[in-house]
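Here's the structure, in structure tokens; my notes come after.
The numbers here are math on the coordinates, done by the rules we state, and not lab data. Quick caveat, the model's predicted, so the values are computed rather than measured. Note that we place each Cβ from the backbone using ideal geometry, even for glycine, and neighbour counts take in every protein chain shown.
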Amino acid sequence: MITAYHRPRTLKEALSLLARPNTYPLGGGTLLNRPSLEQFAVVDLQALGLNKIHKNGNNLEIGATATLQALLDSQHIPPALQETIRLETTYNLRQVATVAGTLVSADGRSPFVTAMLALDASCTVFSNQYSVIILGDLLPYRTETLHGKLITKIEISLNVNLSYESVARTPADRPIVCAALAQWPAGRTRLVIGGWGKSPTLALDGNEASGVEAAARNAAQDAADEWGSAEYRSEVAGVLAKRCQDRLNENKTSYLIR
Ligand SMILES: Cc1cc2nc3c(=O)[nH]c(=O)nc-3n(C[C@H](O)[C@H](O)[C@H](O)COP(=O)(O)OP(=O)(O)OC[C@H]3O[C@@H](n4cnc5c(N)ncnc54)[C@H](O)[C@@H]3O)c2cc1C
């Protein structure tokens, strides 16, 4: 339960409030507003001007408090990233949930985080100075790393081809297995598999796309839970990785024909 609410106007003020015990940053509040037995204070980030989305050359800088819907509406992001935002949550929640709040609280079944990890997103974190942490390093240690700190910005490269595939009980449900494949012009290829656990799993980060199916199967080989067996997930992950690769190849061909 929220017992105190603060709305600072500067980052410095926000940080001094966050140094207090049991005090958390409030993005959209869709998670923090849920009923809880813990008593805590929140520091609302909405007056800090951290909601801008800005294209800087080949990079997209996404303010931490930009909403998922604002990012979806941005003209710059690749269609596959748009698809993962639509799958992440409903239209109403997308208007409220922030990009940073989602990266901090999402689990391994998050289509959006699976895609952002494939894109090798980086987060700018502010404590008494700014530092940049790649999402892959942040995800496993979110609570410890962000204690008393704030994500101010998230950055992705736009010079990347991205594809996303998933299997779920219904088309709009959270995935049981999902795959996001990102490919840079020089050949760098990152494959991320999601659908279980605390965060999606990086299956491959290499200089070429060969071996994506085997990497996907390996990434899911221990992925058993109440939603699916490891054998099932491993098999499906390989199929989804292949579909992602086929989609990227189709896009390349259509680009060449145009
Ligand atoms: C009806 C409903 C259904 C939902 N279903 C799901 C679901 O299926 N799966 C799922 O994963 N989530 C679900 N959620 C949770 C929630 O919607 C998402 O996790 C949401 O994207 C969180 O974003 P937010 O901006 O609202 O975060 P908040 O609630 O504001 O914050 C979430 C966490 O992130 C931290 N945080 C926020 N901003 C920053 C920042 N800039 N720097 C550092 N830390 C920060 C907060 O301190 C908090 O720990 C659901 C919520 C609702 C209300």
Degrees separating the helix 79-88 axis from the principal Cα axis of the chain, which is the longest one: 60 degrees
Mean separation of Cα contacts under 8 Å (6+ apart) over length of the chain, as relative contact order %: 15 percent
Dipole in debye (nearest 20) - the stretch 46-157, about Cα centre, beta carbon charges: Lys, Arg +1; Asp, Glu -1: 220 debye
Candidates ARG169, ARG247, ARG142, ranked by Gaussian network fluctuation over the chain, Cα under 10 Å, top entry: ARG169
Debye-sum result for the chain in log10 I(q)/I(0), which assumes one identical scatterer on each alpha carbon, at q = 0.07 Å⁻¹: -0.24
Relative contact order (%) - criterion: Cα under 8 Å, at least six apart; region: the stretch 4-113: 25 percent
Label point 7 Å beyond Cα of ALA4 along Cβ direction - residues of the stretch 148-162 with amide nitrogen under 20 Å: 148-150
GNM top mover of GLN129, GLN183, GLN69 - the chain, alpha-carbon springs below 10 Å: GLN129
Cut-off 10 Å between beta-carbons: net charge of the residues surrounding HIS6, Lys and Arg +1, Asp and Glu -1: 0
Over the stretch 179-235, relative contact order from alpha-carbon pairs under 8 Å, at least 6 apart, %: 25 percent
Residue of PRO175, PRO200, PRO21 that the Gaussian network model of the chain assigns the largest fluctuation, springs spanning Cα pairs under 10 Å: PRO21
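Could you please report the charge total around ALA203, scoring K, R as +1 and D, E as -1 over all other residues with beta-carbon less than 15 angstrom from its beta-carbon?
It works out to a net charge of -1.
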³J(HN,Hα), Karplus 6.51/-1.76/1.60, whole Hz, each residue of the stretch 92-103, x for Gly, Pro: 4, 5, 5, 6, 10, 5, 9, 5, 5, x, 6, 5
Hz values of 3J(HN,Hα) by residue in the stretch 174-184 - Karplus curve (6.51, -1.76, 1.60), Gly and Pro given as x: 5, x, 8, 9, 9, 9, 10, 10, 10, 9, 8
Within the chain: Cβ-based charge dipole about Cα centre, in debye rounded to nearest 20 (Lys, Arg +1; Asp, Glu -1): 660 debye
Difference of contour (0.36 nm per residue) and Cα-Cα distance, LYS52 to ASP173: 40.6 nm
Cα-Cα over 28 Å, subset of LYS149/LYS198; LYS153/LYS242; LYS198/LYS242; LYS52/LYS149; LYS149/LYS242; LYS12/LYS198: LYS153/LYS242; LYS149/LYS242; LYS12/LYS198
Förster-model FRET efficiency, 25 Å R0, GLU235 and ASN92, C-beta, rounded to 0.05: 0.10
